[in-house]
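What follows is a set of notes on a single structure, which appears directly below.
The values are calculated or read from the model by the stated rules, or taken from the named source; none is laboratory data. Remember, it's a predicted structure, so these values are computed and weren't measured experimentally. All Cβ positions, even for glycine, are placed from backbone atoms using ideal geometry, and neighbour counts span all protein chains on display. Heavy atoms of the whole protein, side chains included, go into the accessibility calculation; ligands, DNA and RNA do not. Shrake-Rupley method; radii C 1.70, N 1.55, O 1.52, S 1.80 Å.
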Amino acid sequence: MSDRNNQAVVLNQRPQGEIQDGDLGLVNMPLRDLKEGEILIQTLWLSLDPYMRPRLNDAKSYMDPQGIGEVITGESVGRIVESRSEKFAVGELVTSYSGWQELSICSDQTESLYKVNPNGIPLQAYLGVAGMPGRTGYLGLTEVGKAKAGETVVVAAASGPVGTVVGQTAKQLGCRAVGIAGGEEKCRYVVEELGFDACLDYKSGDLLEKLKEACPDGIDVYFENVGGDVTKAVAQLLNSGARVPICGYVSAYNATSMGDVETPFHILGALAETPEHRFFLVNEWQDRHQEITQRLAEGVKSGELKYRESVAEGLENAVEAFKGMLKGKNFGKQLVHIAD
């Protein structure tokens, strides 16, 4: 097996602010032979997600920083091409945190390794609305946001895979769903295709005034994805008893020093009445992984759960796609298609 060539993207040096040429590099990595209990996975689709950016910094956060020379972390859906495991057979499809590479070796004991039953929906949906981002949106809204019928739910990055699920789930629960997105095209899509009640373009200014119009009864749940000026505007309209699930704050991810960043915790903490808010991770509900994945996949299959995706072709285009996603250039879930 060692004659197989494996291409991978590794961290050459830690980015200072925005990712520059040379920070991440495409390399060839020789593959070792499989040991007992291991499988070899060929990556078909790679997911690009905002959480990967803070991991490139040498800073303590909820995940260990990415090591220099290591393959960039990321979830993929792939096919097993070789197996020395009794649990997994050649040809089976799995999602795993294989990282940005064409082939990966994985132990069959790995916690985040799951078999995928395509169930008539596109495989890559298991990295988007029926995958980690979808579960994040669903569980963040229902378990941390505790959204109830009649309430107003606001979500930023509304056309992305997390926001897409938050808004559509809010509508199913009987809430008023208001999105915030960058650009007219994304906003139109969120209202016309996804069925939100309103969607505001944060790039066109006057966000606070537009929010007041879109949320006449104030805001009960704010699903936090971006931080910064968006959070400052939303914070002024939060009702007494509001809940704020904090998923991330992508506006700060390219900052040169996270120590200088005004985070959602600063903004919310400074309010006269501090809303119930906390940072959460989807793996708090690891025991419900299959149940929620199934529920979301059913929604995709029935056409109830709609979504968009942006696809980059080939691992060699992953870095540019990642840089673009951090600036909101993508529309919907950002993916890299690596093999069929």
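Overview of results
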{"read-out": "Set of lysines near K87 by C-alpha distance (under 20 Å), chain-local residues within fewer than 8 positions excluded", "value": "K35, K115"}
{"read-out": "Accessible carbon and sulfur surface of the chain relative to its total accessible area, %, 1.4 Å", "value": "47 percent"}
{"read-out": "Residue among G205, G99, G248 with the largest mean-square fluctuation in a Gaussian network model of the chain, springs linking Cα atoms under 10 Å", "value": "G205"}
{"read-out": "For region 1-87: relative contact order, % (alpha-carbon pairs under 8 angstrom, 6 or more apart)", "value": "36 percent"}
{"read-out": "With DNA, RNA and ligands ignored, accessible area of K87 (1.4 Å probe; Å², nearest 10)", "value": "100 Å²"}
{"read-out": "Rounded to 10°, Cα long-axis angle of helix 161-172 versus longest principal axis of the chain", "value": "50 degrees"}
{"read-out": "Which of L335, L238 is most accessible, then next, and so on - probe 1.4 Å", "value": "L238, L335"}
{"read-out": "Net charge over other residues, Cβ less than 12 angstrom from the Cβ of L127 (K, R count +1; D, E count -1)", "value": "-1"}
{"read-out": "Considering only the chain, percent of DSSP beta bridges that pair antiparallel, nearest 5", "value": "55 percent"}
{"read-out": "Stretch gain in nm, segment Q172-L34, where the contour uses 0.36 nm per residue and the Cα spacing is subtracted", "value": "45.0 nm"}
{"read-out": "Shape of region 1-80, Cα gyration tensor, a/c cut at 1.5", "value": "prolate"}
{"read-out": "Extension gain (nm, one decimal) between E86 and D21, 0.36 nm per residue minus Cα-Cα", "value": "19.1 nm"}
{"read-out": "Length-normalised contact order for region 205-327 - Cα pairs under 8 Å, 6+ apart - percent", "value": "21 percent"}
{"read-out": "Cross-link pairs beyond the 21 Å C-alpha cut-off, checked among K146/K329; K301/K323; K186/K323", "value": "K146/K329; K301/K323"}
{"read-out": "Amide H partners (placed H, <5 Å) of I180, local residues excluded", "value": "V155, A156, A157, A158, L200"}
{"read-out": "Residue-count net charge about L208 - beta-carbon cut-off 14 Å; Lys, Arg +1, Asp, Glu -1", "value": "-2"}
{"read-out": "Listed residues T136, T274 arranged by accessible area, highest first, probe 1.4 Å", "value": "T274, T136"}
{"read-out": "At R0 = 30 Å, FRET efficiency that the Cβ-Cβ distance of E262 and V311 yields, to 0.05", "value": "0.30"}
{"read-out": "Heavy-atom SASA rank of F265, F88 (probe 1.4 Å, accessible area, largest first)", "value": "F265, F88"}
{"read-out": "Estimated FRET transfer efficiency (A272, D229; beta-carbon r; R0 22 Å; 0.05)", "value": "0.65"}
{"read-out": "Correct option for volume of the Cα convex hull per residue in Å³ [calculated from the coordinates] among (1) 117; (2) 140; (3) 128", "value": "(3)"}
{"read-out": "For region 53-146: rounded, prolate or oblate by the Cα gyration tensor [a/c cutoff 1.5]", "value": "oblate"}
{"read-out": "Global geometry of region 301-340, whether rounded, prolate or oblate, following the gyration tensor of its Cα atoms and the 1.5 cut on a/c", "value": "oblate"}
{"read-out": "Selected from H277, H266, H289 as most flexible by GNM, with the chain as the system and alpha-carbon contacts under 10 Å", "value": "H266"}
{"read-out": "Cα-Cα pairs of region 147-282 separated by more than 19 Å (percent)", "value": "45 percent"}
{"read-out": "Region 1-160: relative contact order as a whole-number percent, Cα under 8 Å and 6+ apart", "value": "22 percent"}
{"read-out": "GNM result for the chain, Cα springs below 10 Å: residue of S76, S96, S240 fluctuating most strongly", "value": "S240"}
{"read-out": "Surface accessible to a 1.4 Å probe, S310 within the full protein complex, Å²", "value": "20 Å²"}
